[in-house]
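This report refers to the structure that appears directly beneath it.
The values are calculated or read from the model by the stated rules, or taken from the named source; none is laboratory data. Just so it is clear, the structure is predicted and the values come from calculations on it, not from any experiment. Cβ: placed from backbone, ideal geometry, glycine included. Neighbour counts: every protein chain shown. Side chains are part of the model used for accessible areas, which takes the heavy atoms of the whole protein and leaves out ligands, DNA and RNA. Shrake-Rupley method; radii C 1.70, N 1.55, O 1.52, S 1.80 Å.
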Amino acid sequence: MKIKNNKRFSSLLLCMMLIVAMAFTSGCGKNEDKGGSQPSTSASQESPEIKLTVLGEGQTMFLFTVVDKDGNETDFEIHTDKKTVGDALLELKLIDGDDGDYGLYVKTVNGITADYDVDKTYWAFYVNGEYATAGVDSTDIEEGASYSFRVEK
């Protein structure tokens, strides 16, 4: 009878150890978030180090990424006291464009111009990885959110 109890105890202990091991390994998997996640500033074997340029001064912080027509990304950490993303990026001279009937039409981002009349490219505005439903000049800054402009055709 003692041997039977030892086997049960051993089996129970083994099951508990497996459950604990699975709990630890499931939390350490790769983050497969598709866009809009905060960039990592540390290097790992799986991805190269992402360098953030910190710009501005203010109480509110947001992440801003520029993706050019070749897919090259430039990441910024923006600090501001402005209310809208457009005002913050204009103040830091990261965007430029023309005022139109529908708000600011962004033509230049981080010194790169996308001209629809020349090559059918334009700057698309994204909020947390999703195509924005409002213009950059009418999008209120959300603390900790990520915003991006990507050249698209």
- Item | Qualifying positions in the range 54-103 - open to solvent by less than 30 Å² (accessible area, probe 1.4 Å) and of a type in the set (A, V, I, L, M) | Leu63, Val66, Val67, Ile78, Val85, Ala88, Leu89, Leu94, Ile95
- Task: Check whether at least one residue in the range 47-62 is at pLDDT 95 or above and acidic (Asp, Glu), and report yes or no.
- Result: yes
- Message: Of everything in the range 113-138, what is under 16 Å from Leu94 (Cα atoms) and crowded, with 16+ Cβ neighbours inside 10 Å? Give them in sequence order.
- Response: Ala114, Tyr122, Trp123, Ala124, Phe125, Tyr126, Gly135, Val136, Asp137
- The one condition Asp96 fails out of (1) at pLDDT 95 or above; (2) touching a Phe, Trp or Tyr at 6+ places or on another chain (Cβ under 8 Å) is (2)
